[in-house]
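The values are calculated or read from the model by the stated rules, or taken from the named source; none is laboratory data. These numbers were taken from a predicted model, which means no experiment stands behind them. Here Cβ is always computed from backbone atoms with ideal geometry, including for glycine, and neighbour counts include all displayed protein chains.
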Amino acid sequence: MLEVLRSWTMRGHPNLDDLGPALPREQWTLVDAVRHQAAAAAEREFLSFENGSSVSFSEFNDLTDRLGTALCDLGVQPGDRILGLLTNSREFMLAMIATHKVGAIFVPINTELRGNFLEHQVHNSSPRIIVVDNGLIERFDAVDTSPTAIETVLRVNDGSDSTNSTPESLSGASHMPLEPLLETVPRIEALATPVPEDVCTIMYTSGTTGPSKGVLMPQGHCYLFALGTVAAMELTQDDRYFCCMPLFHANGLFMQVYASLLAGASCHVTKRFSVTDWLNIVREEKITVTNALGVMPEFIFRSPASNRDQDHLLTRILAIPVAEEWGEAMEERFGVVLRQGFGMTEVNMVTYSDLDDPVMASCAGPPLSDFFEVIIADPDTDRELPRNEIGEILVRPKVPFCFNVGYFKMPDKTVEAWRNLWFHTGDAGHMDPEGRLFFVDRIKDRIRRRGENISSFELEQTLNEHPSVVESAAVGLRVEGAGGEDEIKVVLAVDGPSPDPSEFLDWCVPRMPRHTVPRYLEFVTELDKTASGKIRKQSIRDAGVTESTWDRESVGYVVRRD
């Protein structure tokens with residue numbers, strides 16, 4: 001099977017203009033792709049969901065026309081922001097494209113956010129409309145919305161019991177269910193005609209020394225995200241993608257769902273990844289291709305072996321990253337080909353490995369040279385380094401509007417990232433003599449946990465609200481058994497007696513996303529700082545887990561899912 005699959009691909013990358021719906025570049029928008037496939041694929045299934053619902057390509061186009069018309073009736077104007085706090089669902093997808101069809105900007109928000117984390121993104125995006133699952137609306141109880149001008153809250157019936165709850169912070173807005181709006185008689189003439197340069201989406205990426213940043217994503221940027229995956233994974237209309245990653249992230253949204261759209265393929269969407277259910281879903285839904293990010297592929301590989309491990313139609317997995325310890329073994333066990341790549345929300349996917357190359361640990365492959373320049377540079381001088389030397393990965397686009405156009409309302413962060421006319425990824429890597437990029441590690445002061453980038457700044461802001469905490473420092477530690485990701489350690493300077501660690505975590509849990517709740521706690525009287533007053537975080541990392549460090553796993557403390 002592997003030999004057959006590897007023979008499908010040609011050396012080098014195909015011409016992307018010939019792939020997907022083969023639209024001319026002046027029509028590289030998701031709206032044009034939706035309309036094209038509604039005509040070309042018509043009643044073929046586009047999306048299916050774990051609750052049994054599905055939608056065809058033509059139904060998707062019609063429903064987004066109807067919802068877009070309803071948004072026009074609500075007074076939405078081009079450039080307005082519509083914030084979505086939504087789990088993976090049909091309504092998420094409809095809200096996004098309907099927003100694009102009126103020329104507005106869709107702002108998908110991490111459904112784990114609460115407290116200060118959520119409040120910052122609401123303030124920064126300043127939405128006119130919020131679309132929210134009924135089961136998530138209580139998150140706004142602790143959010144001050146007074147600096148914003150939220151006019152309407154569209155509520156999605158997700159089967160929860162929170163249908164009558166209305167947070168005080170949203171009491172000034174009109175509330176209505178989203179479902180009746182899908183019955184609106186569509187008026188195509190009232191809708192917009194997007195172009196590739198139109199900013200259509202703001203995705204928040206984690207801040208490292210400050211608040212999360214909203215990435216301004218033009219239509220062309222979103223389209224190329226999807227089209228690159230069509231090429232890399234060799235998608236056709238006969239494929240069926242499995243998306244078990246959150247749609248508020250680029251990987252799930254653009255690289256799986258919208259890649260399926262461009263290829264005319266179908267996509268099965270679940271609300272979350274479950275290692276115990278993964279292979280059963282792959283088998284039952286006749287999945288041919290999927291993505292696995294962070295610890296997901298290793299979790300899948302380390303699941304109990306079965307004599308049915310190759311009893312499926314799955315052939316390709318985009319797995320980032322792949323480790324030497326299990327990469328080839330995973331291919332052999334499941335009878336699949338693993339592909340890797342490198343990218344981020346800001347820069348798109350700029351490299352992919354070749355399916356006909358043997359799987360190599362951390363090999364992200366050669367750049368998509370028609371669209372991007374990628375170099376390895378000295379992180380202090382930005383001078384390009386020779387092959388095989390490790391430095392910072394710098395990227396810049398070769399074509400317009402297939403790249404981010406800055407951070408929303410953060411011009412200083414935009415300039416900082418773009419110094420010397422290169423976008424600085426903050427990631428370390430090297431190029432081999434054949435021009436393949438290898439990802440090495442992260443340069444910036446960030447934490448990665450459960451596939452999520454975490455802002456230490458935002459985490460510390462929440463920790464500092466505890467009545468006993470004077471200030472705090474959060475770092476990521478690499479420990480055995482963490483699957484190559486970080487475990488969170490926080491050092492807390494307290495005033496008076498140290499709080500009970502378990503009680504401290506009880507205080508943390510309702511105030512922060514589940515994946516940001518620290519594993520390790522250490523209480524001190526003061527934090528070690530430089531002469532300029534900066535906390536010496538590197539010394540905390542270097543110390544790791546000490547005799548003074550409390551580990552929640554040592555007492556069996558479990559952070560339960562809501």
Filter result (touching a residue at least 24 places away in the same chain (Cβ under 8 Å) and of a type in the set (Ser, Thr, Tyr)) within region 25-67: THR29, SER48, SER53, THR64
Subset of region 296-309 [surrounded by fewer than 20 Cβ atoms within 10 Å (Cβ to Cβ) and either touching a residue at least 60 places away in the same chain (Cβ under 8 Å) or under 25 Å from PHE254 (Cβ atoms) (or both)]: PHE299
So SER174, is it free of Cβ contacts under 8 Å to residues at least 60 places away in the same chain, over 25 Å from SER353 (Cβ atoms) and under 22 Å from the mean Cα position of the chain (by Cα): no
Selection within region 176-193 - among the polar types (S, T, N, Q) and in contact with a Leu (Cβ under 9 Å, 6 or more places away or on another chain): THR184
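Output yes when any residue across region 232-239 is outside the structural domain of LEU74 (by TED's automatic domain parsing), of a type in the set (Val, Ile, Thr), assigned to a strand (DSSP E or B) and under 25 Å from the mean Cα position of the chain (by Cα), and no when none is.
No, because not a single residue in region 232-239 is outside the structural domain of LEU74 (by TED's automatic domain parsing), of a type in the set (Val, Ile, Thr), assigned to a strand (DSSP E or B) and under 25 Å from the mean Cα position of the chain (by Cα).
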Members of region 516-530 found to be buried (at least 19 other Cβ atoms within 10 Å of the Cβ) and out of contact with any helix residue (DSSP H, G or I) (no Cβ under 6 Å at 6 or more places or on another chain), listed by number: PRO518, TYR520, GLU522, PHE523
Test for GLU434: is it buried (at least 19 other Cβ atoms within 10 Å of the Cβ) and charged (D, E, K, R): no
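Which ranges mark the strands (runs of 3 or more DSSP E) fully within region 423-501 that have 1 or more residues being out of contact with any Phe, Trp or Tyr (no Cβ under 9 Å at 6 or more places or on another chain) and modelled with pLDDT under 95?
Details: elements: 423-431, 437-442, 447-449, 452-454, 469-477, 487-494.
Counting at least 1 such residues, we get 423-431, 437-442, 447-449, 452-454, 469-477.
Just checking, which of GLU465, GLU452 is acidic (Asp, Glu), buried (at least 18 other Cβ atoms within 10 Å of the Cβ) and out of contact with any Ser or Thr (no Cβ under 7 Å at 6 or more places or on another chain)?
Every option except GLU452 fails the conditions.
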Some residue of region 507-515 being surrounded by fewer than 17 Cβ atoms within 10 Å (Cβ to Cβ), touching a residue at least 24 places away in the same chain (Cβ under 8 Å), at positive phi and within 30 Å of the chain's Cα centre (by Cα): no
Total residues in region 538-555, condition under 12 Å from PRO501 (Cα atoms), under 30 Å from the mean Cα position of the chain (by Cα) and either of a type in the set (Gly, Ala, Ser) or modelled with pLDDT under 95 (or both): 1
Selected residue [of a type in the set (Val, Ile, Thr), on the phi < 0 side of the Ramachandran plot and touching a residue at least 60 places away in the same chain (Cβ under 8 Å)] from VAL415, VAL440, VAL490: VAL440
Failed item, numbered, when SER472 is tested on (1) of a type outside the set (Lys, Arg); (2) under 28 Å from MET296 (Cα atoms); (3) in contact with a helix residue (DSSP H, G or I) (Cβ under 7 Å, 6 or more places away or on another chain): (2)
Test: ASN88 is under 25 Å from the mean Cα position of the chain (by Cα), part of a loop (DSSP other than H, G, I, E, B), touching a residue at least 12 places away in the same chain (Cβ under 8 Å) and under 23 Å from LEU253 (Cβ atoms): yes
Selected residue (only one of THR351, THR345 is in contact (Cβ under 8 Å) with a residue 24 or more places away in the chain, in the same structural domain as PHE225 (by TED's automatic domain parsing) and closer than 19 Å to ASP432 by Cα): THR351
Flag for VAL524 being without any contact (Cβ under 8 Å) to a residue 60 or more places away in the chain, of a type outside the set (Ser, Thr, Tyr) and closer than 30 Å to PRO246 by Cβ: no
Check on THR290, under 26 Å from SER53 (Cα atoms), outside the structural domain of MET93 (by TED's automatic domain parsing), buried (at least 21 other Cβ atoms within 10 Å of the Cβ) and among the β-branched types (Val, Ile, Thr): yes
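Out of region 492-520, which residues are within 22 Å of ILE447 (Cα to Cα) and among the hydrophobic types (A, V, I, L, M, F, W, C)?
Residues satisfying the conditions are LEU492, ALA493, PHE504, LEU505, TRP507, CYS508, VAL509, MET512, VAL517.
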Of the criteria (1) charged (D, E, K, R); (2) surrounded by fewer than 18 Cβ atoms within 10 Å (Cβ to Cβ); (3) not in a strand (DSSP E or B), which one ARG396 fails: (3)
Residues satisfying the stated conditions in region 348-372, i.e. of a type in the set (D, E, K, R), surrounded by 14 or more Cβ atoms within 10 Å (Cβ to Cβ) and within 29 Å of GLN219 (Cα to Cα): ASP354
Which listed residue, of THR69, THR64, is outside the structural domain of THR345 (by TED's automatic domain parsing), farther than 21 Å from MET217 by Cα, over 21 Å from the mean Cα position of the chain (by Cα) and among the hydroxyl-bearing types (Ser, Thr, Tyr): THR69
